[in-house]
Structure formats: structure tokens, C-alpha cells
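A quick write-up on the structure given underneath.
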Amino acid sequence: MTRLATGFDRSDDSTGLLLWQVTNRWQAAQRATLKSFELTHVQFVLLASLTWLATDGAVTQRALADHAATDPMMTSQVLRALEARGLVARLAHPDDRRAMLVSVTDSGASLVNRAIGAVERCDAEFFGPLGKLREGFHAGLSLLASSPPAPA
């Protein structure tokens, strides 16, 4: 029988595999939480990010995608779906024909503000087992999120 050519003695020693497993479990918990709001997780992230960013004025789709760390094309598709539901409005940028400005509608703000409480409670429950380690875990994630991507 052929063995996997890995440097690990046990699969649990792989940080990448553990991150994959935890991420999948966390996303499943978030999907279940957001189901009653009729939002997918990415719709929620973009709607919440847009609402957050909009306090500083007009937001371009590109700035939203950068903030949420989402693919610009996928961001555009999700925003079109949110626009069809009346949760966001998209307008042509007055100075850049290639750019779109995005804003949250009153309905979108109301929905995301109802959903955020449920999402934050889900996070508190999910990450609760970390206890006092949560602060360090958050700091480690922040470091990784701000690091340049690894070369392909």
C-alpha cells in the first residue's frame, strides 16, 4: 500500500488540514444561522461589509471586494442577486465608466442588522471553547489575514 509522502506523523499535525476542518464546521454553523434570514454566507458578508464601509461614503464594488477578500467577479454576481431582492442599489460611477458604486437600501440595512446579532451569537458559541485562547487565536488570524498571499 502506498503511503502519503508527508512530513507529518499524524494528519492532525497538519495546520492546513485543521484549518480546513474548522472552517467547514464554522461555515456550516453560519449557513444554518443565516437560513432564516434567507441569506447565503457570502451575501451576508458582502451586505455587512457594505453597510460597514458605507458609513464613510460611496463604496465601489472593487473596494467592497477588497474589504471582504472576495473575487471581484463573484462579488458582482452576488451584488446583482442582492439588488434583485432590493437589498442594495448599484449605480454607475460618475468619474469611472468601469466602476460601480454600491449602497445599502433601507431594507438591506434592516435585514443585515437583524442578522448580525444572530451571526455574532453563532460566533460566540462556536469559538467559545477557546476560552482565554480566543484573543491569541484572533491575533493569529489577523496576522494571517494581513500577510501577503503565498506565491502560487
When you check A29 against the structure, is it in a helix (DSSP H, G or I), in contact (Cβ under 8 Å) with a residue 40 or more places away in the chain and over 20 Å from D106 (Cβ atoms), yes or no?
yes
Working only within region 80-137, note down all residues that are in contact with a Phe, Trp or Tyr (Cβ under 6 Å, 6 or more places away or on another chain) and under 25 Å from L39 (Cβ atoms).
A115, F126
Checking the condition in contact (Cβ under 8 Å) with a residue 60 or more places away in the chain, surrounded by fewer than 16 Cβ atoms within 10 Å (Cβ to Cβ) and among the aliphatic types (A, V, I, L, M), which residue from A69, A84 passes?
A69
Within region 89-119, the residues that are surrounded by fewer than 12 Cβ atoms within 10 Å (Cβ to Cβ) and either part of a strand (DSSP E or B) or over 18 Å from the mean Cα position of the chain (by Cα) (or both) are L91, A92, P94, D95, D96, R97, R98, D106
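May I ask you to verify whether L144 is farther than 21 Å from L34 by Cα, part of a strand (DSSP E or B) and either hydrophobic (A, V, I, L, M, F, W, C) or modelled with pLDDT of 95 or more (or both)?
In short, no.
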Condition test on T55, is it part of a loop (DSSP other than H, G, I, E, B) and among the hydroxyl-bearing types (S, T, Y)?
no
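Could you say whether any residue in region 5-12 is in a helix (DSSP H, G or I) and either over 22 Å from I116 (Cα atoms) or at pLDDT below 95 (or both)?
yes
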Note on region 9-55: residues farther than 20 Å from A124 by Cβ and surrounded by fewer than 12 Cβ atoms within 10 Å (Cβ to Cβ) are D9, R10, S11, D12, D13, T15, G16, W20, E38, T55
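The values are calculated or read from the model by the stated rules, or taken from the named source; none is laboratory data. Just so we're clear, the structure is a prediction, and the values are computed from it rather than from any experiment. Please note: Cβ atoms are built from the backbone with ideal geometry, for glycine as well, and neighbour counts cover all protein chains shown.
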